[in-house]
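Working notes, beginning with the structure itself.
A short reminder: the numbers here are calculations on the coordinates, not readings from a lab. Small disclaimer: the values here were computed from a predicted structure and weren't measured. Don't worry about glycine lacking a Cβ; one is built from the backbone with ideal geometry, like all the others, and counts go over all protein chains shown.
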Amino acid sequence: MNSTLIQMTLIIVCGAGWRIAKPAGLSAEQTRRVLTTVVYYLLLPAMVLEVLWSADIGLHSFQYALLGMGSIVFAMLCLWTVGALFNFEGRRMGAMILAAAFPNVTYLGLPVLEQTFGNWARSVAIQMDLFAATPLLFTAGVIVARHYGEDSAEKSRSLWLFFNVPPFWAAAIAVMLNVNGFAAPDWLFGVLQRLSAAVVPLMLFSLGLALSWKAVTVRNIPYVILVIIIKMALMPLFAMVMVGFLPINGEYRAAAVLDLAMPCMVLGLVFCDRYRLDSSLYAMAVTVTTAVSLITLPFWHNVLMN
């Protein structure tokens, strides 16, 4: 696990270094936008199609969704309870709920799980994302952002439009082909594998591009500490308890819980900007929880494997 995290960290540091050096005059924002667009619209759908087409899809997929949604809702309620008790300001409350509840199950979780457990763990990360984290983010997450922030768009988009994206279409096609027993031609499977191979390094590099220590401010430290406690400690602990009531066994159980122990989701920054939540607080939470995860992830891995 430690060796895996060292490798991941070095790739993330390359992205952080690009933010400082700006090779060829390309800023971190410009570079990240191009890379994440390529990953989101081409490489990630290819990986989703490759993994879910050949994965063992069944009742356990529903169990991953149940575990993921239950853990995310638990974290949201924890933060909301503390925020209501101490009367947090609305913009700050919305950003903190998103930061505490939604883990980086794909951009960091997928490479960590794949390197730690093997290629089969990609299926766990993808199902946790597509069947639990993303549906909740675009429903409950949007409701939270709208409630505590401001909807600056002239006309609100239908929630259905958020699901009309390439990874969901790839998942739908893969599941349909899988359950109907269609085998992938060797040439097509080879193409999907080569496209999928680029996902992990580009995701980690993009994560490094998104991190900024300039976002770290003294006034936000108490709020980020609260996010760390809920996100990196209470949420995985709750997931460990909850998974005990589900028929998920062995390394599959460890992979699912470890995926929920990941740091804050980078995509939440988009929601904070869109709904005018406290973006600086969220950016600090992403940066600090990503750094703290270098300690907490090996800890949870050891707990789960013993």
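At a 10 Å Cβ-Cβ cut-off, how would you order Y252, Y282, Y41, fewest neighbours first? Walk me through the numbers on the way to the answer.
On the way: Y252 18, Y282 28, Y41 12.
Fewest-to-most ranking of Y252, Y282, Y41: Y41, Y252, Y282.
For the stretch 158-306, give the magnitude of the charge dipole about the Cα centre (Cβ charges: +1 Lys/Arg, -1 Asp/Glu; no others), in debye to the nearest 20. Can you show the working numbers first?
Working: 7 positive and 5 negative charges, 73 e Å.
In debye, rounded to 20, the stretch 158-306 gives about 360.
By the scheme Lys and Arg +1, Asp and Glu -1, what is the net charge of all other residues having a beta-carbon under 15 Å from that of S61?
Values: positive: R122, R253; negative: D56, D129, D259.
Spelling it out: positives minus negatives among the neighbours equals -1.
How far apart, in nm, are the 7 Å Cα→Cβ label points at H147 and L246?
For H147 paired with L246, the spin-label model returns 2.4 nm.
Let me know the charge dipole size of the chain about its Cα centre in debye, to the nearest 20, where only the beta-carbon of Lys, Arg (+1) and Asp, Glu (-1) is charged.
Values: 17 positive and 14 negative charges, 144 e Å.
Here the chain has a charge dipole of around 700 debye.
With runs of 4+ DSSP H residues as the only contributors, calculate the mean residue ellipticity of the chain at 222 nm using -39,500 (n - 2.57) per run, divided by the residue total and rounded to the nearest 500. Don't jump to the answer; show the numbers that get you there.
Values: 17 runs with 210 residues, N = 306.
Calculated from helices alone, the mean residue ellipticity at 222 nm is -21500 deg cm²/dmol.
Once you list every other residue whose beta carbon is under 12 Å from the beta carbon of Q127, what net charge do they have if Lys and Arg are +1 and Asp and Glu are -1?
Working: positive: R122; negative: D56, D129, D259.
Taking every Cβ under 12 Å from that of Q127, the sum is -2.
Looking only at V257, V105, V179, which one moves most when the chain is put into a Gaussian network model with springs between Cα atoms under 10 Å?
Checking each option, the largest mean-square fluctuation is seen for V179.
Which ³J(HN,Hα) values in Hz, rounded to whole numbers, follow from the phi angles of the stretch 139-148 under the Karplus curve 6.51 cos²θ - 1.76 cosθ + 1.60, where θ = phi - 60° and Gly and Pro get x?
Going residue by residue, I get 10, 4, x, 5, 4, 4, 5, 5, 5, 9 Hz, with x marking Gly and Pro.
Tell me, S27, S196 in order of fewest to most beta-carbon neighbours within 10 Å?
Numbers: S27 12, S196 20.
If I rank by nearby Cβ atoms, fewest first, I get S27, S196.
In nm, what is the difference between 0.36 nm times the number of residues separating N302 and V13 and their Cα-Cα distance? Could the numbers behind the result be given before it?
On the way: separation 289, 0.36 × 289 = 104.04 nm, distance 2.49 nm.
101.6 nm is the gain from fully extending N302 to V13.
Less than 12 Å Cβ to Cβ from L43, Lys/Arg counted +1 and Asp/Glu -1: what total charge do the surrounding residues give? Each step should come with its number before you reach the end.
Numbers: positive: R194; negative: E50.
In short, 0.
Enumerate the calculated ³J(HN,Hα) couplings along the stretch 185-196 in order (Karplus 6.51 cos²θ - 1.76 cosθ + 1.60, θ = phi - 60°), each rounded to whole Hz, writing x wherever the residue is Gly or Pro.
x, 4, 5, 5, 4, x, 4, 4, 5, 5, 5, 5
Name the residue farthest towards the positive end of the dipole of the chain from the options M265, Q30, H60, assuming +1 on Cβ of Lys and Arg, -1 on Cβ of Asp and Glu, about the Cα centre.
Value computed over the given set: Q30.
Could you give me the ³J(HN,Hα) list for the stretch 284-294, computed from phi with Karplus coefficients 6.51, -1.76, 1.60 and θ = phi - 60°, whole Hz, x at Gly and Pro?
Per residue, the Karplus-derived 3J(HN,Hα) values read 5, 4, 4, 5, 6, 5, 5, 5, 5, 5, 5 Hz.
Want the number for T139 to L59: 0.36 nm per residue separation, take away the alpha-carbon distance, what's left?
Values: separation 80, 0.36 × 80 = 28.80 nm, distance 2.34 nm.
Net length gain for the segment: 26.5 nm.
May I ask you to sort K22, K231 by Cβ crowding, counting other Cβ atoms within 10 Å and putting the fewest first?
Details: K22 12, K231 30.
Ranked by crowding around the Cβ, least crowded first: K22, K231.
If I model a spin label as a point 7 Å beyond the Cα along the Cα-Cβ vector, how far apart are those points for Q193 and I6 in nm?
Result for the modelled spin labels: 2.9 nm.
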